[in-house]
Every structure is written in C-alpha cells, then in structure tokens.
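Engineer: Let me give you the structure first, and then I'll get to my questions.
The numbers here are math on the coordinates, done by the rules we state, and not lab data. Source: prediction; values computed, not measured. Every residue, glycine as well, gets a Cβ built from its backbone with ideal geometry; the counts of neighbours run over all protein chains shown.
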C-alpha cells in the first residue's frame, strides 16, 4: 500500500540584505529560523518573517518539495535606482547538491506579488514586474524535486563587482544592518507525512 502524504501549496522562502556597501554574493536558505540575522526584527535572529526554513540548506526528514517557479521580491521601500543598481548585472543561481539547475540574470525573476508603485514621477517601486502570483519564472513543465535532507542553495552574484544600494531599513532592523532586503521564493508543493 503506498504511503499517503499531506500536500500543501506553500513556498519555501528566505530573506537577506543587499548591503549598502555592495557585495559580490548573497546566499539564501543557509540560515534557518533562530540563526543568522533577521531583516525585519530588531536585534534578533531570523524569524518566520524572514524565512520558513527549519534547517540550513535542506528540508527535514519526512518533507519533500516540488519546485514549480522562482520569484524574487525586494523590500517595498526599494527605490527605482536601487532596483536598477541591485539587479542589473546580477545573476541568480539555484543549486541542488553540487549541480546548478538554474542560472539566469537576476532581473528575469519577477516578484509575482506585493504592492506596485509606478508611473510618471514615481520614485519608489515595490516589486519586479506586475503583482500577480502567476508572474514568476516558471519551470512547471520540468519541475525540480527537493528530496528530504538533500542540500540546496540559492545565491545572487555580481560577477562584475557588487553594486552599492541606498535603501536602508528604518525601524525593525538588527543594529548595524542596513541595505535592501530581498526575499527569494521557491513556489511549489510541500509534501509531508501526515500527523
């Protein structure tokens, strides 16, 4: 008799800063809840607002995930200049084990949700692309499967040198952390053993 799994539609996500001083690389999914530095909570480790990862770079035993699409969402207070500086010239790389499964210009990953501010005279932007969940970098015709305890990672890299950004978080940030928060979403299906 086949094992019954509980299947839910819930993305895996993680948030990190593009620092105001610029950087060559930012890693995602490497700091689970309770570790690293929170983008949103003052003087705190990562919380559910930053990530929904329970382990660093892998799913717990009994959990599998089918990736159907990728999204990248900058903070809602990102300026147009920061989105331009932060993502033009950057590449997004997604790796399972030691193999790269997606390498694309970062600007090709739309946000797919959230607010959208634009038009003549607009100085801020809340996302990349139109705010509709269907607006994503879809791989649904050839989905990727993350097996339990299998290592995976995502990163933004700037091969030509990191670009400084001017967006700084006001209020809920860890002391000394300043930059443009970016959240990477892996959209798909989480499969888990029933309780």
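Engineer: For the ranges 156-162, 89-95, what's the packing order if you count other beta-carbon atoms within 10 Å of each residue, average per peptide, and put the highest first? Walk me through the numbers before you get to the answer.
Structural biologist: Values: 156-162: 15.9, 89-95: 19.4.
Highest to lowest by the protection proxy: 89-95, 156-162.
Engineer: With a Förster radius of 35 Å, plug the Cβ-Cβ distance of residue 141 and residue 21 into 1/(1 + (r/R0)^6) and report the FRET value to the nearest 0.05. Please report the intermediate quantities before stating the final value.
Structural biologist: Numbers: r = 40 Å, r/R0 = 1.14.
Calculated value: 0.30.
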